[in-house]
Amino acid sequence: MTLKQAMPHFALALITCVLACTVPLNAVAQSAPAQQPFPAQALPPGHPAVPPPSPQSLAAEGVRTSANIARGALDICHIDRTKVERFKTMARKSFPAAPDFDGEWNLGYKEAQSTVDRFAALKTSNPAEYAKEIGEACPALTRGIDETTK
């Protein structure tokens, strides 16, 4: 048998194989449950499939962040406690939608412990780096609190 004579048989066999192979694949693909390529929690904030945060959750986050700042101001930069109390009062006024201001403040204050610990360790392990970081962070923190509490 020559190649010319074998071509129709080969083509028929190839077509049969392609059809036989794709039919089961289509059946599996059709019976598989539809899945999103990524779960919703893996999507970045602002993605259309992610609902926007509520005003209450944004306010709670603002309170926790403010408490983190206050903790750093007190324990790392040694800013006057009276200034930090005024800062807390301003935060309370700035985030009226926070459902539990004091609870969120306490949580944010506790969350800053790791930062306080890091600076304490840095102070003994690398005094030059500690002085550099304090020299950069504390004046900016003092300025920010002063501007907020005017």
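All of the numbers you see were taken from the coordinates with simple rules; none came from a lab. Owing to the predicted nature of the structure, the values given are computational and were not obtained by experimental measurement. Don't worry about glycine lacking a Cβ; one is built from the backbone with ideal geometry, like all the others, and counts go over all protein chains shown.
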Query raised in the report: Between Lys150 and Thr82, how many nm apart are label points set 7 Å from Cα along the C-beta direction?
Result: 2.0
Query raised in the report: How about Lys150: which lysines have a C-alpha closer than 26 Å to its C-alpha, ignoring those fewer than 8 places off in the same chain?
Result: Lys83, Lys88, Lys93
Report summary line: Long-range alpha-carbon pairs in the range 32-150, meaning those over 21 Å apart, account in percent for 52
Query - Added length on full extension, which subtracts the Cα-Cα distance from 0.36 nm per residue, Ala49 to Asn126 - result: 23.1 nm
Report summary line: Within the range 75-92, the residues whose backbone N lies under 20 Å from a label point placed 7 Å from the Cα of Leu58 along the Cα-to-Cβ direction are 90-92
